[in-house]
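These notes concern the structure reproduced below.
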Amino acid sequence: MPSNKPGSRLIKAAGGVAWRPGPDGEPEILLVHRKKYDDWSLPKGKTEPGETLPVTAVREVLEEGGAQLALGRRLASVRYSVGGRPKRVHYWAARVLSVDSRAVPNSEVDEVAWLPARRAVDKVSYAHDHGVLADFAARPAGTVPLILLRHAKALDKHGWKKADAGRPLADSGRADAKVLADVLACFAPRQLISSTAVRCTDTLRPLAKLVSVRLRVEPSLFIHNQSSGTEAADPVAIAALVREVIASGEPTVLCAHRENIPALREAALAALGGHPAARDAEAPAGLAELPRDWDEPLPTSGFWVLNIAPVEAGTPPETAETTQAPRPAEAPAVRPARRWWQRLRARGQAASPAPAGAPVTGTPAAEPGATVTGASVAESGADGPAAVDGPVGVLISADRYDLSES
């Protein structure tokens with residue numbers, strides 16, 4: 001039989017656990033039937049040359065099942081051998097924005113099914129899909145991403161004689177900004193907020209044009225004293241901005257600098273329940289285990305995606321007592337008790353973002369990619385977001401992304 005020998009060329013693929021709310025509020029999962037293999041599986045496919053994994057996942061689910069996605073948290077990846085070559089498939093939990101019923105049947109898929117996780121696990125043909133579905137079922141489906149992005153590569157500051165705020169992107173940085181636009185669009189952002197530095201605004205401008213969302217420039221995100229190596233960010237303003245963004249319930253990208261990305265991370269933890277850094281001492285720790293590289297600096301064009309479940313104001317999250325996988329086929333058909341995150345879903349869906357390109361409520365219309373300078377949220381007054389106390393969300397996962405990853 002063919003063997004998966006060391007050094008064999010890896011087949012890279014990506015897909016998604018595409019979900020939508022079912023009639024009873026439980027998430028329904030998209031499965032596809034491939035006529036060539038007569039099997040049921042999660043939609044997935046191989047990456048195209050130069051394509052990033054998130055883009056592959058969104059494209060393949062659209063092509064196979066007709067579902068347009070907004071990516072959520074990363075799920076377990078699976079490995080197996082195909083024709084003697086190793087194959088690795090990366091998966092995301094992904095909220096369905098829309099479905100084109102005309103997309104199926106197609107050259108690969110002749111039928112689709114939408115099933116609850118506990119039924120989907122019995123429907124799929126391959127055991128490796130069980131672990132992916134179990135990972136999906138273990139945590140909330142309805143999360144909102146907060147993306148903390150380090151700007152793309154800029155010209156060297158030692159060769160730049162003008163004001164640091166005007167230092168532009170290098171050629172490689174401009175190329176990365178275009179790639180970032182495609183990758184970040186997979187998360188369907190509806191708020192784009194940047195430091196006033198040109199290298200930050202130019203990093204987000206291609207994304208702003210792609211998703212037709214105006215670019216908001218935030219002075220509190222700019223680092224003023226980079227030459228001295230000190231961080232000049234106002235922690236009060238940073239904390240207020242992050243809390244405002246999380247409380248909005250909108251998928252958001254914050255583009256900042258190497259020096260203040262740590263401050264943004266810590267401000268997010270302080271605003272979120274379910275983590276030891278949360279202000280709410282009653283919130284249970286450990287709902288989201290931070291990855292080992294949480295404190296490591298991001299490379300240029302690198303970013304964190306904090307997947308957040310909203311909570312009712314003033315209501316601490318309940319303890320997650322069970323994170324079970326879908327029940328095996330031989331288990332009694334007993335409907336499981338609703339998990340704590342299922343009881344929060346109603347609010348999460350009420351705050352769900354519209355598809356990319358929809359107008360933002362409460363903001364003036366602007367040309368795609370236009371820049372808007374907003375007042376610092378630290379000045380928003382006692383009734384503004386800065387005045388809110390207690391957790392404004394629950395951290396479900398923290399996923400790190402690097403454009404250099406294959």
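The values are calculated or read from the model by the stated rules, or taken from the named source; none is laboratory data. In this text the structure is predicted, and so the values were computed from the model without any measurement. All Cβ positions, even for glycine, are placed from backbone atoms using ideal geometry, and neighbour counts span all protein chains on display. Note: areas computed on protein heavy atoms with side chains; ligands, DNA, RNA excluded. Shrake-Rupley method; radii C 1.70, N 1.55, O 1.52, S 1.80 Å.
Before moving on, here are some points about what is shown:
- Other residues within the sphere of radius under 15 Å centred on the Cβ of Pro251, judged by their own Cβ, net out at +2 (K and R +1, D and E -1).
- For Ala113, net neighbour charge (Lys/Arg +1, Asp/Glu -1) across residues whose Cβ lies under 12 Å away: -2
- Cross-link pairs Lys87/Lys178; Lys157/Lys209; Lys12/Lys153; Lys178/Lys209 - those with Cα-Cα distance over 20 Å: Lys87/Lys178; Lys157/Lys209; Lys12/Lys153
- Relative packing of 79-86, 235-242, which averages over residues the other C-beta atoms within 10 Å, highest first: 235-242, 79-86
- Once C-alpha pairs closer than 8 Å and six or more residues apart are averaged by separation and normalised to the residue number of segment 2-138, the relative contact order reads 33 percent.
- Net charge of neighbours whose Cβ lies under 12 Å from the Cβ of Arg216, counting Lys and Arg as +1 and Asp and Glu as -1: -1
- Label-to-label distance, Glu51 versus Lys36, with points set 7 angstrom from Cα along the beta-carbon direction: 1.4 nm.
- Ranked packing of 59-67, 249-257, most packed first, by mean Cβ within 10 Å: 249-257, 59-67
- Mean accessible surface per residue for segment 24-118, computed with a 1.4 Å probe while every protein chain stays in place, in Å²: 42 Å²
- Net length gained if the chain between Arg174 and Trp160 were fully extended (0.36 nm per residue, minus Cα distance): 3.3 nm
- Packing, taken as the mean count of other beta carbons within 10 Å per residue, orders the peptides 95-106, 38-49, 192-203 from highest to lowest as 192-203, 38-49, 95-106.
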